[in-house]
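Taken together, the values in this text are just the output of simple stated rules run on the coordinates, not laboratory data. Since the structure is predicted, the reported quantities are computational estimates derived from the model, not experimental observations. Cβ atoms come from the backbone with ideal geometry, glycine included; neighbour counts cover every protein chain shown.
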Amino acid sequence: MERLAKSLLRLSVEGVFSRESLEHLSGLSGSLIDSFINNLLNEGVLVRIGNNYRVNVPPHRLIRYFIDKGLNVDLESLSSFLPWDEFEALVRLIFEEWGFGVISRLRVPVAGSRVEFDVIAYKEPRVLLIEAKRWKKISSGVTTVVNRHLEKVELVSKSPEVLINRIGIRWSEAVLIPVVITWHRVSTEIVNGVPVVSIYQVNSFIMRLDEIMDYVRSFRVSWRRL
């Protein structure tokens, strides 16, 4: 099933595809293909286009669908042909499903320059400032990435009004939390106080956030309305 899921994800980027192309790409045939296609048709994931098919959801929702089915979707091997913004869209989708407000690609002027955050997820009293990285593996450069991201969050925390007002938060104070999310399938680890989380582990990270807060670098801020 994992081979079929991976093959369909690749074909979804190309648009309309045939049963034969799914067979060829997956190396599978017969009843396995038929059952796979029929299940996806019944659940509205696929639609028929004449004798062919088209995926009826964007790639990030298709990935989420297969992850929810318990399949081992190899995001690392998909990263070379999936659009980069689909990774960020998947991150947004997961946090939205947990009741977070989410925005992405927000640039914030601070200290005479601008800092940008890939994804921001917020639910009172927390604002998670997320760096999304399409690493194929966790490398020695993770500490550099973490420290640069931490510097951005610390810089914004010293003058949080613009960030908070652009997000549209109506609270009087918040806790800013830097997070790095990667494609790579690893257990969540904390580097210099910053959680480095696999896309596969975002759900468990959100569930465990309360219990790991003592180990996570955070910045409590308050502000005046602009």
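Here are some notes:
- Hypothetical label at Val13: residues of the stretch 41-60 whose amide nitrogen lies under 18 Å (7 Å Cα-Cβ projection): 54-60
- Sum of side-chain charges, Pro109 neighbourhood, beta-carbon under 14 Å (Lys, Arg +1; Asp, Glu -1): +3
- Over the stretch 1-128: Rg over Rh, Cα atoms, Kirkwood Rh: 1.09
- Here the Gaussian network model covers the chain, with springs between Cα atoms less than 10 Å apart; of Arg148, Arg92, Arg64, Arg148 fluctuates the most.
- Candidates Pro59, Pro195, Pro83: whichever shows maximal mean-square fluctuation once the chain is modelled as a Gaussian network with Cα springs under 10 Å: Pro83
- The label point for Leu41 and the one for Glu20, both projected 7 Å from the Cα toward the Cβ, are 1.8 nm apart.
- A quarter of the convex hull surface defined by the alpha-carbon atoms of the stretch 2-73 gives 4.2 nm² as the mean projection.
- Other-chain or far-sequence residues with amide H under 5 Å of Val127's (modelled H): Val175, Leu176, Ile177
- Cβ-defined net charge surrounding Leu129, 12 Å radius [Lys, Arg +1; Asp, Glu -1]: -2
- For the chain, the relative contact order comes to 14 percent (Cα pairs under 8 Å, sequence separation of at least 6).
- In this label model, Leu71 and Thr144 are separated by 3.6 nm, measuring between points 7 Å along each Cα→Cβ vector.
- Membrane-span-like helices in the chain, defined here as complete DSSP H runs extending at least 18 Å along the helix axis by their C-alpha atoms with mean Kyte-Doolittle hydropathy no lower than -1.0, are 2-14, 84-97, 142-157; this is a sequence and geometry rule, not a statement about a membrane.
- Charge tally in the Cβ shell below 14 Å around Asn192, where Lys, Arg are +1 and Asp, Glu are -1, Asn192 excluded: -1
- Calculated FRET efficiency, Met1 to Asp85, Cβ-Cβ distance, R0 = 22 Å: about 0.25 to the nearest 0.05.
- Among beta bridges that DSSP assigns inside the chain, antiparallel share in %, nearest 5: 70
- Over the chain, dividing the summed -39,500 (n - 2.57) contributions of all DSSP H runs of at least 4 residues by the number of residues returns a 222 nm mean residue ellipticity of -12500 deg cm²/dmol.
- Gain on full stretching of the segment that runs from Leu155 to Ile103 - 0.36 nm per residue minus C-alpha separation: 16.8 nm
- Mean projected area (nm²) of the alpha-carbon convex hull when the chain is viewed from all directions: 13.8
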